[in-house]
1. Would it be correct to say that residue 95 is of a type in the set (A, V, I, L, M), over 19 Å from residue 31 (Cα atoms) and not in a strand (DSSP E or B)?
2. I need every pair where a residue in the stretch 1-13 that is modelled with pLDDT under 75 has its Cβ under 8 Å from the Cβ of a residue that is of a type in the set (A, V, I, L, M), sequence separation at least 6 or different chains.
3. If I ask for residues that are touching a strand residue (DSSP E or B) at 6+ places or on another chain (Cβ under 7 Å) and polar (S, T, N, Q), which ones from the stretch 90-121 would you list?
4. Just for strands (runs of 3 or more DSSP E) wholly inside the stretch 1-89: which have at least 3 residues that are small (Gly, Ala, Ser), surrounded by 15 or more Cβ atoms within 10 Å (Cβ to Cβ) and touching a strand residue (DSSP E or B) at 6+ places or on another chain (Cβ under 9 Å)?
5. Where the second residue is surrounded by fewer than 12 Cβ atoms within 10 Å (Cβ to Cβ) and not polar (S, T, N, Q) and the first is over 18 Å from residue 78 (Cα atoms) and lies in the stretch 23-34, which pairs have Cβ atoms under 6 Å and are six or more apart or on separate chains?
6. Any residue at all in the stretch 25-37 that's basic (Lys, Arg), under 15 Å from the mean Cα position of the chain (by Cα) and within 30 Å of residue 3 (Cα to Cα)?
7. Those residues that are in contact with a Cys (Cβ under 8 Å, 6 or more places away or on another chain) and farther than 18 Å from residue 107 by Cα, I need them from the stretch 69-96; list them, please.
8. In this structure, does residue 70 turn out to be among the β-branched types (Val, Ile, Thr) and under 24 Å from residue 35 (Cβ atoms)?
Amino acid sequence: MTKPNFTHFGQNDVSATPNTNRDDVVSGDVARNTWVHCVDLQTSSRFGFWDCSAGVFTASYDGISEFCHILEGEAHIKITDTGEVFTVKAGDSFVMEAGLQTEWTIPTYIRKCFAITDVVS
C-alpha cells in the first residue's frame, strides 16, 4: 500500500495535457486541456482542472461518474437521449453519472475543476 498524500491544487507544478481527439467534435475549433493534480492509487479517481475553447463536442460517461465545479465561463449541456439542456456557469456544481451521453456547447470559454471516479460493477 502506498502512503496517502495531501494534494493542494495550485501548489504543485502540473503541465497541461491537450486533448487532440477530434472524433467527438461536432463544430468549431475546440481546444481542450486537462491538468491532473492527483490520481488516487486506491480508487483510480482523478482530480484536476479542465478548460475548453468555443465549440460543440460530445462526451460519453461510460464507466465513470464526474463531479464538476465551474470556475469560469459557461456551457450548455444537452442530454442526448432526452434532449434536455442544462446551462452551467461560474459558481455551479453538478454531477454527471455513469452512462450519461451528452453534447456540450461552449459559447466562448469554460474552465472547471473535476473529480472523476471509475464505476465498479
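The values are calculated or read from the model by the stated rules, or taken from the named source; none is laboratory data. In this text the structure is predicted, and so the values were computed from the model without any measurement. Note: ideal-geometry Cβ built from the backbone for every residue, glycine included; neighbour counts use all protein chains shown.
1. Values: of a type in the set (A, V, I, L, M): yes; over 19 Å from residue 31 (Cα atoms): yes; not in a strand (DSSP E or B): no.
No: the conditions fail for residue 95.
2. 2/41
3. Across the stretch 90-121, the qualifying residues are 93, 101, 102, 105, 108, 117.
4. Values: elements: 17-19, 25-27, 32-39, 46-60, 64-79, 85-89.
Counting at least 3 such residues, we get 46-60, 64-79.
5. So the pair list comes out as 33/18.
6. Initial filter on the stretch 25-37 (basic (Lys, Arg)): 32.
Remaining after also requiring under 15 Å from the mean Cα position of the chain (by Cα): 32.
Imposing the further condition that a residue be within 30 Å of residue 3 (Cα to Cα) reduces the set to none.
Scanning the stretch 25-37, I find no residue that is basic (Lys, Arg), under 15 Å from the mean Cα position of the chain (by Cα) and within 30 Å of residue 3 (Cα to Cα), so the answer is no.
7. Matches in the stretch 69-96: 93, 94, 95, 96.
8. Yes.
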